[in-house]
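Engineer: Below is a structure I'd like to ask you about.
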Amino acid sequence: MDQPPPAGARRSPPEPSADDAGALFGLEDLRTGPARAGSARSGPLVGPSFRDSPAARRLLSVREIHAEPAAAASPRGRQILARFPDARVIDVESHWRIPELHGNEGNLERWVRIKSEVLVLGEKKTLATRPNGRSADWIAPGVANGCAMACAYCYVPRRKGYANPITVFTNIEQIIAHLGRHIARQGRKPEPNQCDPTAWVYDIGENNDCSVDALISENTADLVQAFARWPTAKASFATKFVNPDLLLLDPRGRTRVRFSVMPPQDSRLLDIRTSPVEQRIAAAADFLEAGYEVHFNLSPVVIRPGWEQDWTALLRHMDDVLPRAVKDQAAAEVIMLTHNRDLHELNLAWHPRAEDMLWRPDLQQAKRSENGSWNVRYRNRDKAEAVETVRRMVASYAPWLRVRYAF
């Protein structure tokens, strides 16, 4: 489609540093969120919405869209292109093969800027639902891949090379139809398990953050509304971003939001461009009132000097500020840090300070993951001791928080 502008034709805003990027979204931004006309919505937002706010634009200021032609021509694709009318659109054969993004080592210097300014549109070619058994019973086909946030420990960039912008899959109707058929085949859940006592739980955000995706399209809203109609199933996604627009949906208790939390001092270094941890915790009551089930991910737990004291302070804070209604239904996953040598090398190019905390050869060992790659995890004994320490802290300082599983 459009030809690239001449060199120097467009000046990009300065890239946020690792020190200040985590403070992009203060509490004051959310106080001016969407005007609530009611407790539920169906279809696109009407009137002011958070995704049109300055805070949302600081996270996503899309200037370039790489699009498969079929994705761009689809109803969802046309909606997204209309949302970013000033963006330059570039035809690509495959959302996985974009050499100027995924094969260009020079993009490491623009790691965060690319996440903000570049978007990819594609179609999900293979629709498969995989068994899980940890966070959920099943992993649903993703409706997106990648993220506008820049968590230093995220595993998704390892598969994409030197840039990791959001890829939105536009064939949402096919994905929801696939899920409907899969849920129907399962029937009712025969017995309780740690995922849920009665519902089949489907993780809808394995490689993306659904709260951020809702700034771009209605994919997250469509999934929440679909699961609201399925009495035997429940959607689930983890998030580090508080998006008030999600409060305008009508989940009817069929979507579980898992707010990921860690000590704020860890988050400021590692959770670049995310909502502050205190804000994620404070949002729990609003999401519960809006009809979501609200859980927490204590994730990732990073072993470093003083980590026990800081996790204790976090749990005490949660106990102090969360209302009884949230506590009565809450559960948690405890997830120890998993790192990767390729990601370590990538991080050294854009955020080396994070690696001082994440890369600990004195405590870590290599282990092959389920997909065949080699990851780095804490040694078995150190990991087991740390998991037991977290369990004891939860029992002591947040006894209402049921630990569903620890990994």
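Values in this text are rule-based calculations from the coordinates and carry no lab data. None of these values were measured; they are calculated from a predicted model. A quick note on method: Cβ atoms are made from the backbone with ideal geometry, for glycine too, and the neighbour counts reach across all protein chains shown.
Engineer: For the peptides 310-318, 51-59, 183-191, what is the packing order when you average, over each peptide's residues, the other Cβ atoms within 10 Å and list the highest mean first?
Structural biologist: Values: 310-318: 19.4, 51-59: 17.4, 183-191: 11.4.
Packing order, densest peptide first, comes out as 310-318, 51-59, 183-191.
Engineer: With the contact rule set at Cα under 8 Å and sequence spacing of 6 or more, what percent relative contact order holds for the range 120-230? Present the calculation step by step, with values, prior to reporting the outcome.
Structural biologist: Working: 144 pairs, mean separation 37.8, N = 111.
Reported relative contact order: 34 percent.
Engineer: Relative contact order for the range 36-406: what is it in percent, counting Cα pairs under 8 Å that are at least 6 residues apart?
Structural biologist: Details: 701 pairs, mean separation 55.4, N = 371.
Worked out over the range 36-406, it gives 15 percent.
Engineer: Separate question: Would you mind checking K115/K240; K234/K383; K115/K234; K115/K367 for any pair whose Cα atoms are more than 22 angstrom apart? Don't jump to the answer; show the numbers that get you there.
Structural biologist: On the way: K115/K240 16 Å; K234/K383 31 Å; K115/K234 30 Å; K115/K367 29 Å.
Checking Cα-Cα distances, K234/K383; K115/K234; K115/K367 exceed 22 Å.
Engineer: OK, next. Convex hull over the Cα atoms of the range 122-205, averaged projected area in nm²? The partial results should precede the final answer.
Structural biologist: On the way: hull surface 25.9 nm².
The number I arrive at for the range 122-205 is 6.5 nm².
Engineer: Just to check I understand the Karplus step: with θ = phi - 60° and J = 6.51 cos²θ - 1.76 cosθ + 1.60, what whole-Hz values come out for the range 111-124, glycine and proline as x?
Structural biologist: 3, 6, 4, 4, 4, 7, 9, 10, 9, 10, 10, x, 10, 6
Engineer: Given the range 199-331 reduced to its alpha-carbon atoms as identical point scatterers, what log10 I(q)/I(0) does the Debye formula return at q = 0.10, 0.15 Å⁻¹?
Structural biologist: Result of the Debye calculation: -0.32, -0.71.
Engineer: R0 = 22 Å: FRET efficiency of W374 with Q265, Cβ-based, nearest 0.05? Show your work: numbers first, answer last.
Structural biologist: Details: r = 30 Å, r/R0 = 1.35.
For R0 = 22 Å, the calculated efficiency reads 0.15.
Engineer: Any idea what the relative contact order of the range 45-150 is, in percent, if you count C-alpha pairs under 8 Å spaced at least 6 apart? Mind showing how you got there, number by number?
Structural biologist: On the way: 111 pairs, mean separation 33.4, N = 106.
Reported as a whole number, the value is 31 percent.
Engineer: Rounded to whole Å and ordered largest first, report the semi-axes of the equivalent ellipsoid of the chain derived from its Cα gyration tensor (root of 5λ). Write out the running numbers ahead of the final one.
Structural biologist: Values: eigenvalues 186, 142, 92 Å².
Taking √(5λ) for each Cα gyration eigenvalue gives 30, 27, 21 Å.
Engineer: Rank these for me by crowding, K160, K367, going from fewest to most other beta carbons within 10 Å.
Structural biologist: K367, K160
Engineer: Would you calculate, for the chain, the mean residue ellipticity at 222 nm contributed by helices, counting each DSSP H stretch of 4 or more residues as -39,500 (n - 2.57) and dividing by all residues, to the nearest 500? Intermediate results must be reported in sequence, preceding the final value.
Structural biologist: Details: 16 runs with 140 residues, N = 407.
For the chain, the value works out to -9500 deg cm²/dmol.
Engineer: For C151, list long-range residues whose amide hydrogen, built 1.01 Å from N in the peptide plane, is under 5 Å from its own amide hydrogen.
Structural biologist: Amide H neighbours of C151: I272.
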